[in-house]
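Take a look at the structure below.
Here, each number is a calculation from the coordinates, and none is a lab measurement. Just so it is clear, the model here is predicted, and its values are computed rather than measured. Note that we place each Cβ from the backbone using ideal geometry, even for glycine, and neighbour counts take in every protein chain shown.
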There are 4 protein chains.
Amino acid sequence: MTRTTQSHANAVTTLIASATGFYQRGWMLGTGGNLSVALRDDPVVFLVTASGRPKGKLGPADFVEVDAAGAALSPDAPKPSDETLIHAALYRQTNAGAVYHVHQISAALCSTLDEAQGFVELTDIEMLKGIGVPARAVARIPIVDNDPDIPALAREIERVMNPEVPAVLIRRHGVYTWGPTADDAHRHIEILDYLFEYRCRLAQLGR
Amino acid sequence: MTRTTQSHANAVTTLIASATGFYQRGWMLGTGGNLSVALRDDPVVFLVTASGRPKGKLGPADFVEVDAAGAALSPDAPKPSDETLIHAALYRQTNAGAVYHVHQISAALCSTLDEAQGFVELTDIEMLKGIGVPARAVARIPIVDNDPDIPALAREIERVMNPEVPAVLIRRHGVYTWGPTADDAHRHIEILDYLFEYRCRLAQLGR
Amino acid sequence: MTRTTQSHANAVTTLIASATGFYQRGWMLGTGGNLSVALRDDPVVFLVTASGRPKGKLGPADFVEVDAAGAALSPDAPKPSDETLIHAALYRQTNAGAVYHVHQISAALCSTLDEAQGFVELTDIEMLKGIGVPARAVARIPIVDNDPDIPALAREIERVMNPEVPAVLIRRHGVYTWGPTADDAHRHIEILDYLFEYRCRLAQLGR
Amino acid sequence: MTRTTQSHANAVTTLIASATGFYQRGWMLGTGGNLSVALRDDPVVFLVTASGRPKGKLGPADFVEVDAAGAALSPDAPKPSDETLIHAALYRQTNAGAVYHVHQISAALCSTLDEAQGFVELTDIEMLKGIGVPARAVARIPIVDNDPDIPALAREIERVMNPEVPAVLIRRHGVYTWGPTADDAHRHIEILDYLFEYRCRLAQLGR
């Protein structure tokens with residue numbers, strides 16, 4: 001199956017719309033998180049948010065084209081996100097058309113609650129369907145440690161990825177997701193917040 | 001009493017306005033939920049959201065006219081919502097002008113808290129009036145299991161419907177409501193979230 | 001001191017702006033709550049929201065001019081809010097230029113938490129200043145029972161009103177506030193939600 | 001290093017944009033909070049919000065130019081914020097281009113939870129980077145008492161300031177932050193709310 005790609009111009013529009021929506025919901029406060037969309041396949045080229053930009057007011061100059069190894073294609077480009085290597089790893093391991101990473105409080109809380117067992121387990125929730133899991137299946141979202149060594153963190157994410165669940169949590173940090181298209185990745189982010197909030201609030205209720 | 005109906009064009013405007021509002025409040029994240037408005041009566045024809053569309057950006061092409069049995073009227077129409085049969089059952093059992101279904105976290109939490117007793121019981125809350133219940137009456141909102149067999153789920157909803165309370169919860173899934181007009185169904189959705197949040201937050205406080 | 005009044009046209013603009021803001025924050029979901037502004041003094045005439053209108057989309061026709069006894073001035077006017085007598089009582093007892101009543105979940109929760117003692121007690125919170133109370137004073141916001149007999153409810157509110165705190169809670173229902181101007185009443189509503197949320201969330205934390 | 005400054009006109013635009021965003025998130029309800037931007041250095045002149053203005057609808061007339069001692073430069077200016085002396089102290093102690101103070105419920109809650117130990121301690125959270133702290137460092141945000149004597153409060157803030165963390169909490173009141181530019185101060189406010197919410201919600205979960 002070939003990878004879905006977008007033109008540079010469409011990718012900019014897509015990523016600004018997603019970032020704006022996520023910022024408004026409090027999932028990309030400050031400069032937190034990073035988003036990318038695939039522009040070409042085989043080898044992959046993707047457009048990723050530049051490092052350190054406030055996610056509530058991105059403009060066309062706040063994105064960088066990078067190659068499969070995560071290196072900027074142009075010497076004049078701004079510095080790509082510090083976590084670009086994680087995006088590169090996820091494009092390598094999947095057929096994703098987009099990779100989205102946000103800093104939801106719900107994700108940070110769930111990653112803390114379940115850090116000892118190394119995964120968040122969700123089952124018997126209708127909204128699991130929104131990340132491609134049958135409602136009654138058992139979904140395990142892996143949790144990796146928040147390693148400041150990004151190449152090591154990228155390798156760890158590749159190691160723990162669950163082929164049946166398009167998400168990985170970084171402990172006390174946030175969540176990565178991906179999908180065949182940017183619409184899928186966007187939907188996954190919204191559904192994951194619902195699932196994490198549901199899990200945290202049930203825990204607050206002693207369940 | 002005859003059923004209140006809208007023209008196709010008005011129904012599209014109504015449903016987009018409701019979906020947009022519900023999406024902004026986090027009640028239709030991703031593609032979650034489905035909404036319909038009656039277009040004709042005796043036999044009923046209704047306009048329902050198409051399957052799998054993101055509820056935050058619906059357009060005129062994201063709706064399908066279906067008959068009383070839930071079948072699309074036109075062979076060229078998109079696939080109607082997977083849960084269209086539930087809408088059909090509710091139009092059959094009531095004089096509803098609209099049937100709304102959303103995925104509120106508050107609804108999923110209450111359906112989980114009270115799953116053993118099979119209903120959420122609410123009383124002595126002013127906002128009950130907003131779903132047509134006197135403030136001091138005892139309202140029981142039935143909870144049905146989240147059966148992936150939609151015809152069976154529709155029959156179960158018909159079986160448990162409480163004629164005095166226009167709402168049914170699906171366990172760990174969401175809530176269905178209906179009303180004489182789309183404005184009524186919209187108001188019910190807003191009131192139900194208030195009631196479910198109030199019940200959950202009181203439970204968090206040990207009440 | 002004479003009462004601050006607005007023209008009919010300005011009062012409509014003021015009340016729609018307040019209702020829209022409160023609706024967006026979830027404090028006037030459905031048709032919940034009612035707002036008024038004084039138009040004339042001695043005897044008072046005020047403009048109040050009509051009964052049963054959705055507070056998220058009020059228009060100029062959704063208001064009624066009423067006299068000091070709460071009766072509509074024009075026979076052609078829509079039915080005023082069911083709780084207009086409470087507004088009339090508050091204008092009688094105070095020099096208010098506006099009376100605002102909303103259905104905040106935080107208000108309903110606090111009124112439930114403290115129903116046995118009959119008041120919510122707040123102290124040592126900077127935001128108390130926003131309702132005219134020194135930060136270190138002890139503010140007691142009275143809680144009255146949610147009596148469906150509105151004349152009786154209005155009398156009970158007059159009886160318990162605390163001259164030092166411009167707010168009364170109705171148990172499991174909502175809050176009334178008032179102020180010299182509509183800007184004051186609007187500010188009070190915002191501050192009260194902050195205070196009630198702070199008190200509820202501290203209680204969730206076992207404080 | 002010289003201080004970053006803005007023109008009066010740019011500072012007004014910056015402060016209105018920040019206040020509007022903070023108001024929408026519920027961090028500047030009513031007239032709560034105050035914001036300033038440096039206009040000149042050596043000696044510093046800064047533009048600060050006028051006293052008692054509703055933060056959701058600031059206009060160009062709602063700001064005052066003040067000198068390093070916090071006195072208005074023009075006799076015709078509106079009264080500067082009651083807490084202007086705190087801004088003056090923070091400009092004196094730092095190279096800040098902006099000083100922001102908001103009334104987040106999360107800040108009030110954390111300042112209450114940790115009042116006995118006199119600081120909020122945060123560690124092992126990725127978002128610490130957003131306030132300039134390495135994710136695995138231990139950040140201590142000092143808490144000062146909510147002294148109504150503003151000169152005394154300003155001195156106490158100067159005394160407890162932690163050079164490694166650009167934030168001070170006032171007990172049951174709110175948070176002050178600052179940064180080289182207004183963008184930095186704005187980002188700090190957003191990140192601090194995330195950090196305080198994370199800390200409070202973990203505490204609700206018994207962690």
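Computed from backbone phi with θ = phi - 60° and the Karplus coefficients 6.51, -1.76 and 1.60, the 3J(HN,Hα) list for the range A:20-34 is 4, x, 5, 4, 4, 7, x, 9, 9, 5, x, 9, x, x, 7 Hz; x is used for glycine and proline. Treating the point 7 Å from Cα along Cα-beta-carbon as the label, what are the nm separations from A:D42 to the other copies, to one decimal? Values, ascending and in nm: 6.2, 6.2, 8.8.
For the peptide A:163-170, the mean number of other protein chain Cβ atoms found within 10 angstrom of a residue's Cβ is 0. With distances taken between every two different alpha-carbon atoms, the range A:22-69 has a Kirkwood hydrodynamic radius of 11.5 Å. Using C-alpha pairs under 8 Å with a sequence gap of at least 6, the mean separation divided by the residue count of the range A:5-141 gives a relative contact order of 20 percent. Using only Cα coordinates, the Kirkwood hydrodynamic radius of the range A:105-207 works out to 13.7 Å. Its alpha carbons considered, the range B:141-197 gives a radius of gyration followed by a Dmax of 11.5, 30 Å. Which net charge results for the neighbourhood of B:G56, defined as the other residues with beta-carbon distances under 14 angstrom from its beta-carbon, given Lys and Arg at +1 and Asp and Glu at -1? Charge balance near B:G56 sits at +2. Distance from the C-alpha centroid of the range A:7-48 to that of the range A:161-177: 17 Å, rounded to the whole angstrom. For chain D, the 222 nm mean residue ellipticity estimated from helices alone, with every DSSP H stretch of n ≥ 4 adding -39500 (n - 2.57) and the total spread over all residues, rounds to -11000 deg cm²/dmol.
When the expected Rg is taken as 2.2 N^0.38 Å, what fraction or multiple of it is the alpha-carbon Rg of the range A:89-156? Mind dumping the intermediate values first?
Details: Rg = 13.6 Å, N = 68, 2.2 N^0.38 = 10.9 Å.
In units of the 2.2 N^0.38 Å rule of thumb, it is 1.24.
Which whole-number percent gives the relative contact order of the range B:78-149, counting Cα pairs below 8 Å spaced six or more residues apart? In percent, rounded to a whole number, it is 20. Take B:R155, push a point 7 Å out from Cα through the beta-carbon direction, and compare it with the same point in every other copy: 5.7, 5.8, 8.1 nm, smallest first. One quarter of the convex hull surface built on the alpha carbon atoms of chain A amounts to 10.8 nm², the projected area averaged over directions. Charge tally for B:D124 (other residues, Cβ to Cβ under 15 Å; Lys, Arg +1; Asp, Glu -1): +2. Enclosing the Cα atoms of the range A:5-97 in their convex hull gives a volume equal to 85 cubic angstrom per residue. The phi torsions of the range C:42-59, fed into the Karplus equation with coefficients 6.51, -1.76 and 1.60 and a -60° offset, translate into couplings of 6, x, 5, 10, 9, 9, 10, 4, 6, 5, x, 8, x, 6, x, 9, 6, x Hz, rounded to whole numbers, with Gly and Pro shown as x. Charge dipole (Cα centre; +1 on Lys/Arg Cβ, -1 on Asp/Glu Cβ; no other charges) of the protein assembly as shown amounts to roughly 120 debye.
Annotation: lysines with alpha-carbon distance below 27 angstrom to C:K57 (same-chain offsets under eight excluded): B:K55, B:K57, B:K129, C:K79, D:K55, D:K57.
Distant-in-sequence amide contacts of A:F63, defined by a placed amide H-H separation under 5 Å and a gap of 5 or more residues or a different chain, comprise A:A50. The mean count of C-beta atoms from other chains within 10 Å of the C-beta of residues in D:26-38, rounded to a whole number, is 4.
Take the protein assembly as shown, drop everything but the C-alpha atoms, weight them equally and run the Debye formula without solvent; then report log10 I(q)/I(0) at 0.05, 0.07, 0.09 Å⁻¹ to two decimals. After summing over all Cα pairs, the log10 values are -0.28, -0.56, -0.95.
Computed from label points 7 Å out along Cα-Cβ, the spacing between A:T94 and D:Q24 is 2.9 nm.
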